[in-house]
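J.: Below you'll find the structure I mean.
The values are calculated or read from the model by the stated rules, or taken from the named source; none is laboratory data. These numbers come from a predicted model, not from an experiment. Note that we place each Cβ from the backbone using ideal geometry, even for glycine, and neighbour counts take in every protein chain shown. Please note that ligands, DNA and RNA were not included when accessible areas were found on the heavy atoms of the full protein model with its side chains. Shrake-Rupley method; radii C 1.70, N 1.55, O 1.52, S 1.80 Å.
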Amino acid sequence: MMRVAGLFAAAAGVLVLSALSVALGTRHVGLGDVVAAFNGRVDGIGAAAVAKRMPRTVLAVLVGAALSVSGATMQAITRNPLAEPAILGVSGGAGLAVVIGMTSFGLADPSGIMLVAVLGALAATVFVYVVGSQGRGGATPLKLALAGAACSAAFTSLVSAILLPRIDAMITFRFWQIGGVGGATWDRIGVVAPFLSLGALICMGAARGLNTLALGDELAAGLGTNVARTRLVAGAGAVLLCGVATSAAGPIAFVGLVVPHVCRLLTGSDHRWLLPFSAVGGAALLVAADVLGRIVARPGEIEVGIITAVIGAPVLIWVAVRHRTLQL
């Protein structure tokens, strides 16, 4: 009962943050402007600002929830406390695929960008796992983290190498490469929302199996869990969430690391609760980061990818120090 109340309280907090996101920015707006924007009247400056902020707020909620659920799922299937889309290179692979598609093939359709991002995320996942599986002991948590970090750095360098000779493309992509929700539109949200919902449902459906994976493969199999199928299904959901979120907002780091660890302190390791709490917590974090980035840099703004990196780096150090038993 306490968990249900906590989940509703967290959801209420997201609603409050969303209201602040709509109201605060370079220009603060009043209730009248919000009402006018909801009624479709954007003739005033305030109402126009609200109309622009509403889709970016919704996108921040969706992307934050997706990255958090993806991170929690990756941590479960790899039994790696450092796992999250950016650290494992999944976001970087999706971003590289999108940049190649846009610059080399003129890809502009949101559906096509989303498909390319998912394929890039999938390819990066397979590549990182293969690299991290080499040597004695197979795919240990630390080896996966190191392989993912190395691949992520390589993907970022390749993106820069592609964009630097193209000044026009560099101007277009430099903010997207950091990660942000400022370019949100209702059309883009309409494209990605169904697939984000599908990915979340896949991960939620695998929650019971993720609980047994924490006990070890042999014990999980002894309890009747199909280990390979659980990892495959949950991994597909996590990759889908990461790829679609990256196609919409760019490669945003650390959301999938910070939120699941904080939620785990509150709810325990039961993924039937951890995943919903992570979704709400991720939405809250990204909306709050977006509002903070608009307030501290007025009249400009700081992209949410920078804010989450500032928050996430200390958490990464804390997790690494706390889990000193990671094996090479």
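J.: Give me a count of the residues in the stretch 149-178 that are modelled with pLDDT under 90 and not β-branched (V, I, T).
T.: 15
J.: Please count how many residues of the stretch 196-217 are at pLDDT below 85 and assigned to a helix (DSSP H, G or I).
T.: 1
J.: Take the residues in the stretch 218-274 that are aliphatic (A, V, I, L, M) and not in a helix (DSSP H, G or I); name whichever of them is farthest from S68 (Cα to Cα).
T.: Filtering the stretch 218-274 for residues aliphatic (A, V, I, L, M) gives 219-221, 223, 227-228, 232-234, 236, 238-241, 244-245, 248-249, 252-253, 255, 257-259, 262, 265-266, 274.
With the extra rule that they be not in a helix (DSSP H, G or I), the set shrinks to 223, 252-253.
Values: L223: 28, I252: 11, A253: 10 Å.
Filtering first and then ranking leaves L223.
J.: Of the residues that make up the stretch 283-294, is at least one over 14 Å from the mean Cα position of the chain (by Cα), assigned to a helix (DSSP H, G or I) and basic (K, R)?
T.: yes
J.: Still on this structure, please answer the following. What pairs come out if I take residues in the stretch 1-17 that are within 19 Å of G268 (Cα to Cα) and of a type in the set (D, E, K, R) and pair them with residues that are open to solvent by less than 50 Å² (accessible area, probe 1.4 Å) and part of a helix (DSSP H, G or I) whose C-beta lies under 7 Å away, six or more apart or interchain?
T.: Cβ pairs passing all conditions: R3/T267.
J.: Please verify whether V58 is at pLDDT 85 or above, at negative phi and either open to solvent by 50 Å² or more (accessible area, probe 1.4 Å) or of a type in the set (D, E) (or both), treating the condition exactly as stated.
T.: Details: at pLDDT 85 or above: yes; at negative phi: yes; either open to solvent by 50 Å² or more (accessible area, probe 1.4 Å) or of a type in the set (D, E) (or both): yes.
Yes: the conditions hold for V58.
J.: I would also like to ask the following. Are there any pairs with C-beta distances below 6 angstrom linking a residue in the stretch 243-254 that is on the phi > 0 side of the Ramachandran plot to a residue that is open to solvent by less than 10 Å² (accessible area, probe 1.4 Å) and modelled with pLDDT under 95, with the two at least 6 apart or on different chains, and if so which?
T.: Sorted first by the residue in the stretch 243-254, then by its partner, the pairs are G250/G179; F254/T308; F254/G312.
J.: Condition first: open to solvent by 10 Å² or more (accessible area, probe 1.4 Å) and either over 18 Å from R231 (Cβ atoms) or in contact with an Asp or Glu (Cβ under 9 Å, 6 or more places away or on another chain) (or both). Now tell me which residues in the stretch 83-100 satisfy that. Don't jump to the end; show me each part of the working.
T.: Step one: list which residues in the stretch 83-100 are open to solvent by 10 Å² or more (accessible area, probe 1.4 Å), which gives 86-88, 92, 96-97, 100.
Correct list: A86, I87, G92, L96, A97, I100.
J.: With the condition kept exactly as written, say whether any residue in the stretch 312-326 is closer than 22 Å to G237 by Cα, in a helix (DSSP H, G or I) and open to solvent by less than 30 Å² (accessible area, probe 1.4 Å).
T.: Just the residues of the stretch 312-326 that are closer than 22 Å to G237 by Cα, to begin with: none.
No, the stretch 312-326 contains no residue that is closer than 22 Å to G237 by Cα, in a helix (DSSP H, G or I) and open to solvent by less than 30 Å² (accessible area, probe 1.4 Å).
J.: Could I ask something else about it? I'm told V227 meets every condition in (1) open to solvent by 60 Å² or more (accessible area, probe 1.4 Å); (2) modelled with pLDDT under 95; (3) not basic (K, R) except one. Can you identify the failing condition by its number?
T.: (1)
J.: Report, by residue number, each residue of the stretch 122-163 that is in a helix (DSSP H, G or I) and basic (K, R). Full working, then the answer.
T.: Step one: of the stretch 122-163, the residues in a helix (DSSP H, G or I) are 122-132, 141-163.
Hit for the stretch 122-163 is K143, nothing else.
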